[in-house]
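Asker: Here it is, the structure, as structure tokens.
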Amino acid sequence: MEVGQVRSTEEIVESLREALARVGVVLPSLGVDPVTGASDEPFALVDLGRCNVRTAEHLTDVLRSMPVGEALRARVRQVDREGDRR
């Protein structure tokens with residue numbers, strides 16, 4: 001993907017689905033919000049949907065196992081700034 005190219009909401013949802021699957025998390029209702037997806041809004045909302053308690057627990061474990069430090073915070077800020085420029 002070229003720098004500055006905006007991906008569709010569907011592409012983002014699929015990318016998220018793949019990333020979650022790599023860590024063993026499946027959100028069965030993950031998708032594009034049908035209301036904002038059908039509107040004239042340039043960016044539809046991503047509906048993370050509902051999941052059972054086991055999936056929520058696994059997702060929590062995965063998130064807690066991630067290294068949280070200044071390097072991660074800096075990367076998140078960088079990605080946010082890049083998104084703001086689009």
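Asker: Condition (residue is assigned to a helix (DSSP H, G or I), out of contact with any helix residue (DSSP H, G or I) (no Cβ under 7 Å at 6 or more places or on another chain) and of a type outside the set (A, V, I, L, M, F, W, C)) applied to segment 24-36: is it met by at least one residue?
Answerer: Within segment 24-36, the subset assigned to a helix (DSSP H, G or I) is 34-36.
Filter once more, keeping what is out of contact with any helix residue (DSSP H, G or I) (no Cβ under 7 Å at 6 or more places or on another chain): 34-36.
Within this subset, residues satisfying the condition of being of a type outside the set (A, V, I, L, M, F, W, C) are 34, 36.
Yes, because at least one residue in segment 24-36 is assigned to a helix (DSSP H, G or I), out of contact with any helix residue (DSSP H, G or I) (no Cβ under 7 Å at 6 or more places or on another chain) and of a type outside the set (A, V, I, L, M, F, W, C).
Asker: How about segment 30-86: which of its residues are of a type in the set (Ser, Thr, Tyr), closer than 15 Å to residue 20 by Cβ and surrounded by 10 or more Cβ atoms within 10 Å (Cβ to Cβ)?
Answerer: Restricting attention to segment 30-86, the residues satisfying the condition of being of a type in the set (Ser, Thr, Tyr) are 36, 39, 55, 60, 65.
Okay, now just the ones that are also closer than 15 Å to residue 20 by Cβ, so 55, 60, 65.
Once the filter is applied, which keeps residues that are of a type in the set (Ser, Thr, Tyr), closer than 15 Å to residue 20 by Cβ and surrounded by 10 or more Cβ atoms within 10 Å (Cβ to Cβ), segment 30-86 yields 55, 60.
Asker: While we're here: So, of the residues in segment 25-56 that are among the small types (Gly, Ala, Ser) and at pLDDT 90 or above, which turns out to be nearest to residue 82 (Cα to Cα)?
Answerer: First, the residues of segment 25-56 that are among the small types (Gly, Ala, Ser): 29, 31, 37-39, 44, 49, 56.
From what is left, the residues that are at pLDDT 90 or above are 29, 31, 49, 56.
Values: 29: 28, 31: 24, 49: 27, 56: 30 Å.
Among those that are among the small types (Gly, Ala, Ser) and at pLDDT 90 or above, it is 31.
Asker: A follow-up question, please. If I filter segment 1-16 down to residues being touching a helix residue (DSSP H, G or I) at 6+ places or on another chain (Cβ under 9 Å), outside any helix (DSSP H, G or I) and open to solvent by less than 90 Å² (accessible area, probe 1.4 Å), which single residue comes out as modelled with the lowest pLDDT?
Answerer: Checked segment 1-16; the qualifying residue modelled with the lowest pLDDT is 4.
Asker: Working only within segment 2-54, note down all residues that are among the polar types (S, T, N, Q), under 13 Å from the mean Cα position of the chain (by Cα) and within 23 Å of residue 65 (Cα to Cα). Before you say what the answer is, go through the steps one by one.
Answerer: Our first condition is that a residue be among the polar types (S, T, N, Q); within segment 2-54, this holds for 5, 8-9, 15, 29, 36, 39, 52.
If we keep only those that are under 13 Å from the mean Cα position of the chain (by Cα) too, we end up with 8-9, 15.
Within segment 2-54, just 15 meets the criteria.
The values are calculated or read from the model by the stated rules, or taken from the named source; none is laboratory data. Since the model is a prediction, treat every value here as computed from it, not as a measurement. Every residue, glycine as well, gets a Cβ built from its backbone with ideal geometry; the counts of neighbours run over all protein chains shown. Quick note on the areas: whole protein, heavy atoms, side chains included, nothing else; ligands and nucleic acids left out. Shrake-Rupley method; radii C 1.70, N 1.55, O 1.52, S 1.80 Å.
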